[in-house]
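The values are calculated or read from the model by the stated rules, or taken from the named source; none is laboratory data. The structure presented is a predicted model; accordingly, all values stated were derived computationally and were not measured. Virtual Cβ from ideal backbone geometry, glycine too; neighbours counted across all protein chains shown.
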């Protein structure tokens, strides 16, 4: 099936999300769609999926104009979307998830599970999507869950597949397997639109690439004739230098020491088991791992917002296992939380108010029992300039900022003060290449100034690009350590460790 979006404009009141966008993808083709946060990619795909009606313009399928009154119309027309955050029910089986809403029925109008298994097996065999129909979703690794999502849209006869950030939580091996699946689907005649921030992946898998900026298509091209720098410039409107100029680290004395740490999930299950690690002054330690292997609980324990069951955490020679987050903040520990909107800022507060969320009690910003607002505004305005927070005023609500600028606000608040240790969890999640580059340079600068830095990220490229040492976390344990001081280690071996496989000869295996 061939798809064409012709002159699509979508307005929300006075805001123009898409303006006269024309885009096409043919059956048997992979179209890579690239753009900054807020560029209009999601809006455009929501128009194609029937979630939004265009203000003007038209959608054509195989040359015939169509009108969608809702997502059901788009699905029936053969358009399916695999979202970045999977839409699966954990306690259902693979087969039950696949047929949900379109269940084959047998006698007494009950689910014909045998027929469901048969149809699922047929799709699996046709496209190389091996899954166990009776396996519970909650017991499956992320890569297999993604296969289930793809089978779901194929079960509904999709000929056009929209894949939104499909490799965000996959190991390198799972990415390779996913690309093999995409090529199989393409060769079977499916039209595929792949949305991602990962430039090298677009260049590898796409047959054509379109770039959207500020609601308009600003560039298109053949991946064979494009570089990552070309794509970045089309996306942000100016050249980006991806070379951080990172010199080898000169680690100093231990700053953060974690010994035999045990931490539990909220439900009482074990999240972190017998974990040992050290972060020294002047080095960046990266923790790699597929999301959901205890990283969140570890960071919360290190920051002082989750109880430690056993073990010890020391900072600068002092035991802080039971210290509060405020005490750790006063000691010089900075923290970038993984969920910026839930734990990093208050969206309905102003930029200035958010800038002093964890420092309002300091003498600099208080006068007796009252806030010294002129001092707050002055410091916030200075930080907005220094950290390039793009806003007309620090009196604007934080909710009005883009994702990248919200993250810069958090980075400014945490790093503008005197710190010794930075704990950064998923510091660039969901950000475009311009914002990612900026955040990475600030983190590198902190290391170069002698701070210790601990980065936890599900983005392996981020870990490889920033870290001096790499720890791999699997099922709550550190299972391998790699020295990255002389250059990035073998990503294949890191990927094996992330999946719980054997560590390589180039890795130090954690006891």
Residue within segment 238-254 that is free of Cβ contacts under 8 Å to residues at least 24 places away in the same chain and in a strand (DSSP E or B) present: no
Criterion: farther than 19 Å from residue 434 by Cα and either under 28 Å from the mean Cα position of the chain (by Cα) or surrounded by fewer than 18 Cβ atoms within 10 Å (Cβ to Cβ) (or both) - qualifying residue of 357, 409: 357
Residue list for segment 367-380, filter: free of Cβ contacts under 8 Å to residues at least 24 places away in the same chain and either surrounded by 13 or more Cβ atoms within 10 Å (Cβ to Cβ) or closer than 13 Å to residue 357 by Cα (or both): 371, 372, 373, 375, 378
Output for segment 475-491, where each listed residue is out of contact with any helix residue (DSSP H, G or I) (no Cβ under 6 Å at 6 or more places or on another chain), more than 21 Å from residue 256 (Cα to Cα) and touching a residue at least 12 places away in the same chain (Cβ under 8 Å): 475, 486, 489, 490
Of all residues making up segment 44-95, the number that are in contact (Cβ under 8 Å) with a residue 60 or more places away in the chain and farther than 21 Å from residue 26 by Cβ: 5
One residue from 203, 231, 194, 226 being surrounded by fewer than 18 Cβ atoms within 10 Å (Cβ to Cβ) and farther than 22 Å from residue 285 by Cβ: 203
Number of the exception - residue 219 against (1) within 25 Å of the chain's Cα centre (by Cα); (2) part of a strand (DSSP E or B); (3) buried (at least 18 other Cβ atoms within 10 Å of the Cβ): (3)
All positions within segment 364-373 that are more than 21 Å from residue 335 (Cα to Cα) and in a helix (DSSP H, G or I): 373
Subset of segment 255-272 (residues that are farther than 20 Å from residue 457 by Cα and not in a strand (DSSP E or B)): 266, 267, 268, 269
Neighbours by Cβ (under 7 Å, 6+ apart or cross-chain): first from segment 122-141, at pLDDT below 90; second loosely packed, with under 11 Cβ neighbours inside 10 Å: 138/91
Only listed residue being assigned to a helix (DSSP H, G or I), farther than 28 Å from residue 431 by Cβ and in contact with a strand residue (DSSP E or B) (Cβ under 9 Å, 6 or more places away or on another chain), chosen from 96, 103: 96
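Residue-wise test of (1) in a helix (DSSP H, G or I); (2) out of contact with any helix residue (DSSP H, G or I) (no Cβ under 7 Å at 6 or more places or on another chain); (3) without any contact (Cβ under 8 Å) to a residue 12 or more places away in the chain; (4) surrounded by fewer than 20 Cβ atoms within 10 Å (Cβ to Cβ).
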| residue | (1), (2), (3), (4) |
| --- | --- |
| 274 | no, yes, no, yes |
| 292 | no, yes, no, yes |
| 302 | yes, yes, no, no |
| 311 | no, yes, no, yes |
| 327 | yes, yes, no, yes |
| 330 | yes, yes, yes, yes |
Residues of segment 74-86 classified as within 30 Å of the chain's Cα centre (by Cα), surrounded by 12 or more Cβ atoms within 10 Å (Cβ to Cβ) and either part of a strand (DSSP E or B) or at negative phi (or both), total: 9
Among (1) over 30 Å from residue 461 (Cβ atoms); (2) in a loop (DSSP other than H, G, I, E, B); (3) at pLDDT 85 or above; (4) out of contact with any strand residue (DSSP E or B) (no Cβ under 8 Å at 6 or more places or on another chain), the one test that residue 361 misses: (3)
Failed criterion for residue 456 (all others in (1) touching a helix residue (DSSP H, G or I) at 6+ places or on another chain (Cβ under 6 Å); (2) in contact (Cβ under 8 Å) with a residue 60 or more places away in the chain; (3) surrounded by fewer than 23 Cβ atoms within 10 Å (Cβ to Cβ) hold): (3)
Positions within segment 1-55 being crowded, with 16+ Cβ neighbours inside 10 Å, touching a helix residue (DSSP H, G or I) at 6+ places or on another chain (Cβ under 8 Å) and not in a strand (DSSP E or B), in sequence order: 28, 36, 37, 38, 39, 48, 49, 50, 52, 54
Count - residues of segment 101-140 that are under 33 Å from the mean Cα position of the chain (by Cα), closer than 22 Å to residue 76 by Cβ and loosely packed, with under 14 Cβ neighbours inside 10 Å: 4
